[in-house]
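Input: a single structure, listed below in structure tokens.
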Amino acid sequence: MPTNRADFRFFHRLRVRWAEVDMQKIVFNAHYLMYFDTAIADYWRAMALPYESAMHSLDGDLYVVKATVEFHASARVDDQIDVAMKCERIGKSSILFRGAIFRDQTHLISGELVYVFADPATQSSRPVPQALRDILTGYEAGESMLHVRTGSWQALGPHAQPVRTEVFVAEQGIPVEIERDAADATALHAVAYNRLGQPVATARLVETGPGVFKLGRMAVNRVLRGGGVGRQVLDALIEAGRNAGAQEIVLHAQTSAQGFYQRLGYLPRGEAFEEAGIPHQEMFKRLA
């Protein structure tokens, strides 16, 4: 069983809260299984798989049939701990995950979770699909979980539109007639796909003047936000824009996403304003 941090490539970081400890300020035993379960959810996000739609695509679901915890030392209130996960073995219908919890380099807890892939209606086991096997083994081998395509609306619109509709129309309540416009026909688009071929993020560039392109319609599947998916879309799109002669990128960032763009080198310009009923900030970035 792996006991060193170097044995894992996936880590989920959390801080122990007061509600999770007993009178001695050490974590209640049952919470360690909760920590492992939370880490598994983030493991799926790291593979760019929105769990519900991914399982639907694979025509099955995963069910825990075994969960064990081995205690070496205790986590205490306010500890910052790392929950590590590793897909160690894939059987005919089962998947074994090994887990470990660390405080810095100290190994506190070991765990084991066994899942069975099964028919969601009958919960009878099914063989693990080859696509899921390939994704799990590829992730553990350090392979990329996404690929990004750039191109025209004619080529990518059928994949970009569902992502945009889910984020802007269904989630944010923006009217369809505002979300969709004539600029799509001439814009340069980018779509990110996971290894099941599902589109999970999109954005577009529209030329607004000589060497100036406006970045817009940036949408990432809600489950996958914060995992670097949006940055991969932007990197691919900006590189394609650079090849098309872009010297400056401008965008209207929703104020909730302003920090994301600032970390990528975009600077605010002018005062905040409202667009489609949502606060925005104009930002720009000059390309070398």
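Among the helices (runs of 4 or more DSSP H) contained in the range 107-186, which hold 1 or more residues that are within 25 Å of the chain's Cα centre (by Cα), crowded, with 16+ Cβ neighbours inside 10 Å and of a type in the set (A, V, I, L, M, F, W, C)?
The qualifying helices (runs of 4 or more DSSP H) are 130-140, 153-164.
From (1) surrounded by fewer than 15 Cβ atoms within 10 Å (Cβ to Cβ); (2) more than 26 Å from His159 (Cα to Cα), pick out the condition that doesn't hold for Tyr266.
So the condition that Tyr266 fails would be (1).
Are there any pairs, at least 6 apart or on different chains, whose C-beta atoms fall under 6 Å, with the first in the range 47-71 and over 15 Å from Val116 (Cβ atoms) and part of a helix (DSSP H, G or I) and the second at pLDDT 95 or above and aromatic (Phe, Trp, Tyr), and if so, which?
Tyr51/Trp44
Can you name every residue in the range 207-261 that is surrounded by fewer than 17 Cβ atoms within 10 Å (Cβ to Cβ) and either in contact with a helix residue (DSSP H, G or I) (Cβ under 6 Å, 6 or more places away or on another chain) or of a type in the set (A, V, I, L, M) (or both)?
Val212, Ala244
Is it the case that some residue within the range 50-67 is in contact with a Gly (Cβ under 6 Å, 6 or more places away or on another chain) and crowded, with 18+ Cβ neighbours inside 10 Å?
Within the range 50-67 (the criterion being in contact with a Gly (Cβ under 6 Å, 6 or more places away or on another chain) and crowded, with 18+ Cβ neighbours inside 10 Å), the answer is no, since none of the residues qualifies.
Considering only the range 234-276, how many residues are touching a Gly at 6+ places or on another chain (Cβ under 8 Å) and among the small types (Gly, Ala, Ser)?
2
I need the full set of residues from the range 1-33 which are in a helix (DSSP H, G or I) and either among the polar types (S, T, N, Q) or surrounded by 13 or more Cβ atoms within 10 Å (Cβ to Cβ) (or both), in order please.
Arg5, Asp7, Glu20, His31, Tyr32, Leu33
Out of the residues in the range 240-277 that are within 15 Å of Gly216 (Cα to Cα) and in contact (Cβ under 8 Å) with a residue 60 or more places away in the chain, state the one that is nearest to the chain's Cα centre (by Cα).
In this case the residue turns out to be Ala240.
The values are calculated or read from the model by the stated rules, or taken from the named source; none is laboratory data. On a predicted model such as this, the values are computed, not experimentally measured, just so you know. Every residue, glycine as well, gets a Cβ built from its backbone with ideal geometry; the counts of neighbours run over all protein chains shown.
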